[in-house]
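All remarks here apply to the structure that follows.
All of the numbers you see were taken from the coordinates with simple rules; none came from a lab. This is a predicted model, so every value here is computed, not measured. Using ideal geometry, Cβ is built from the backbone for each residue, glycine included, and neighbour counts are taken over all protein chains shown.
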Amino acid sequence: MGHVKLHIPGPVEVSEKTFRAFCSPMIGHRGQGFKDLYAKIQPQLQSLLYTNQLVYLSTSSAWGVMEGAIRNLVFKRVLCCMCGAFSDKWLDVAQRCGKQAEALKVEWGSPILADMIDAKLASGQFDALTLIHNETSTGVMSPLAQIAELKKKYPEVSFIVDAVSSLSATKIEFDRLGIDVLLAGTQKAFALPPGLTVFTCSAAALEKAAKSKDRGYYFDFVEFQKNAQDNMTPSTPSIGHIYALASKLDDIFGEGLEARYLRHTTLAQLTQQWAERHGFTLFPEKGYESVTLTCINNGSRSKGRAVDVAKLQKLVKDKGFLIDGGYGKIKGTTFRISNMGDETEATMSQLHAALDEAMKQL
Ligand SMILES: Cc1ncc(COP(=O)(O)O)c(C=O)c1O
């Protein structure tokens, strides 16, 4: 069997163009060629994150930078906003880093809302919070702009935001929102091979990090800043990833940001409609559906239809497409379909046609 096209919520399908860029001839990471490469993409990254801050490149997966954010920015106590598998894990990560951490937990499928955070931060116990903008396990997008408004009320609290599966698919204006750390693993909406995380920090976060005695070595944000000022990374990066990112950024700005955001929203809606046509309901609370993936109920949380998800996956795989059979504790009672990256109405309709056929064969 040939290649099975990825419609799981990351890693996603990587284009031939991106792969060609990934395989560019190697250069040294302290040479002018690398500095020129980073200098070329820096303004594009800044436009994409809507920031005047430098954007850093970490050739680790997202968790590296997530753990780094905890080590650089938590001095007192961190509030971990938990609404799914990835955000839930952040509490464990903070505790394993030896930090005082507290959970703000909602039922999976629900979003994190600003007033919940407000009620917790009012205690004055916290100097940081972690939030996942787009919880990939549940397909829920929490209202980041409303949450970020709280930063005005709690300027001393570092707002650490994971946009792993939303950055580049929807507008996240880092400077205007006033958040402190924004990070994304590029195997999701950027459609790069896994292994690269882009992130940025506010000036306040950098000042705070400089005072931390627990920054460690590999994810020391002060080192990222120092090196980025000279168009370098603290250690040897995966240079192939950075070539691939440069190619992808040209694609992104060629398409136009607004067009890219609209495309993702439209494609997610097409999958939502596919689910409804087949008698399924959606897992996320209405109004908080992700624009990059659709998490579909399989008879849970609703009176919606239930099917043999493993069989559906197998039938669709035989037609050349990989969908996800649900993550963590909702494996099997949900399934997920990604539309992130380079997908179009045409490619999504091919997937939906394969799913239609598979549904008949169940
Ligand atoms: C929202 C979110 N955060 C964090 C991660 C962890 O990313 P990684 O496995 O690349 O470290 C994922 C992975 O799927 C994710 O979806």
For the chain, take every pair of Cα atoms, bin their distances at 10 Å starting from 0, and report each bin as a whole percent.
5, 25, 32, 24, 11, 2, 0
If you restrict to DSSP beta bridges whose two residues both lie in region 16-253, what percentage is antiparallel, to the nearest 5?
40
How do Val307, Val74 line up, fewest other C-beta atoms within 10 Å first?
Val307, Val74
Farthest towards the positive end of the dipole of region 16-253, among Val181, Ala103, Cys23 and with Cβ unit charges of +1 on Lys and Arg and -1 on Asp and Glu, lies the Cα of Cys23
Treating every alpha carbon of region 79-167 as one equal point scatterer without solvent, the Debye formula yields log10 I(q)/I(0) values at q = 0.20, 0.22 Å⁻¹ of -0.90, -1.09
Theoretical ellipticity at 222 nm over the chain - DSSP helices of four or more residues, -39500 (n - 2.57) apiece, nearest 500
-12500 deg cm²/dmol
Order of Met141, Met116 from fewest to most other C-beta atoms within 10 Å?
Met116, Met141
Exposure proxy order (Cβ contacts within 10 Å, fewest to most) of Val78, Val157:
Val157, Val78
Just want to confirm a number: the relative contact order over region 16-253, from Cα pairs under 8 angstrom separated by 6+ residues, in percent.
29
If I take R0 = 56 Å and measure r between the Cβ atoms of Met26 and Lys329 in this structure, what FRET efficiency does the formula 1/(1 + (r/R0)^6) give, to the nearest 0.05?
0.85
Dipole of the chain, Cα-centred, from +1 at each Lys and Arg C-beta and -1 at each Asp and Glu C-beta, to the nearest 20 debye?
600
Under the Karplus curve 6.51 cos²θ - 1.76 cosθ + 1.60, θ = phi - 60°, whole-Hz ³J(HN,Hα) for region 157-174, x wherever Gly or Pro sits
8, 7, 8, 9, 10, 8, 10, 3, 10, 10, 5, 5, 9, 8, 6, 10, 8, 4
